[in-house]
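Here is the structure we will look at, set down as structure tokens.
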Amino acid sequence: MVTADVSVRLAWPDDVAAIATVQQAAWRDAFGDIVTVDVAPAWHALLTTPPDARARVLVALEQAMVRGVAFVHPCHDPDADQVADGEVGELLVDPGHRGEGHGSRLVQAAMDTLRADGFARARWWLPTTDDALRAFVVGTGWAADGAHRELADETGDHTVKQVRLATSLVEE
């Protein structure tokens, strides 16, 4: 039996171009052409000078190809406990490689990473319009916690409404 060579690992600075490509493809799929910002410099800065020791970027690989990316960090919401609450700040899978298990591996690795960094709970903001993503995340044990927000782009022309999901990281 032949199995795919798939894994998740911490991202390296050499992964920046591949991460940016995945993000642009995923955002284009989700939001159309409204997102045109070059995201590579932000990923480079995050990987080379993270704002916190617990800010980590994970990549899902198929052989040596980056198929997805996750960013986890301490939660900065006003109601968050900076010691106990971590956040999945981003989790993206290349639209051409969805349904291949990369998202599931990234979610598990993100939770394991947050747990290893001592967080007891995790939060994740999702677009209210992405029913498929929300169903996927809820299926992995997350639930809406009642919080909502609306984010605007730099011009204020486009907004994204989000709902926050949460889960416990304490193993029972």
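The values are calculated or read from the model by the stated rules, or taken from the named source; none is laboratory data. Since the model is a prediction, treat every value here as computed from it, not as a measurement. Positions of Cβ are backbone-derived with ideal geometry, glycine not excepted, and every protein chain shown enters the neighbour counts.
A few remarks follow.
- Test: residue in segment 36-58 that is farther than 28 Å from Asp157 by Cα, crowded, with 16+ Cβ neighbours inside 10 Å and more than 15 Å from the chain's Cα centre (by Cα): no
- Candidates Ala116, Ala110 - the one that is modelled with pLDDT of 95 or more, within 24 Å of Val6 (Cα to Cα) and exposed (fewer than 12 other Cβ atoms within 10 Å of the Cβ): Ala116
- Subset of segment 128-172 that is among the small types (Gly, Ala, Ser) and part of a loop (DSSP other than H, G, I, E, B) - its residue that is surrounded by the fewest Cβ atoms within 10 Å (Cβ to Cβ): Gly156
- For Gly96: the one exception among (1) small (Gly, Ala, Ser); (2) outside any helix (DSSP H, G or I); (3) more than 16 Å from the chain's Cα centre (by Cα): (2)
- Residues that are in contact with a Phe, Trp or Tyr (Cβ under 9 Å, 6 or more places away or on another chain), surrounded by 15 or more Cβ atoms within 10 Å (Cβ to Cβ), in a helix (DSSP H, G or I) and of a type outside the set (S, T, N, Q), drawn from segment 13-35: Asp15, Val16, Ile19, Ala20
- Test for Val69: is it of a type in the set (A, V, I, L, M, F, W, C), outside any helix (DSSP H, G or I) and touching a helix residue (DSSP H, G or I) at 6+ places or on another chain (Cβ under 7 Å): yes
- Single residue of segment 106-120 satisfying the filter (part of a helix (DSSP H, G or I) and more than 16 Å from Ala26 (Cβ to Cβ)) that is farthest from the chain's Cα centre (by Cα): Ala116
- Among residues of segment 132-158 that are closer than 19 Å to Asp38 by Cα, those with a Cβ under 9 angstrom from a residue that is in a helix (DSSP H, G or I) and at pLDDT below 95, sequence gap 6+ or separate chain, pair up as Asp153/Ile34; Asp157/Ile34; His158/Phe31; His158/Ile34.
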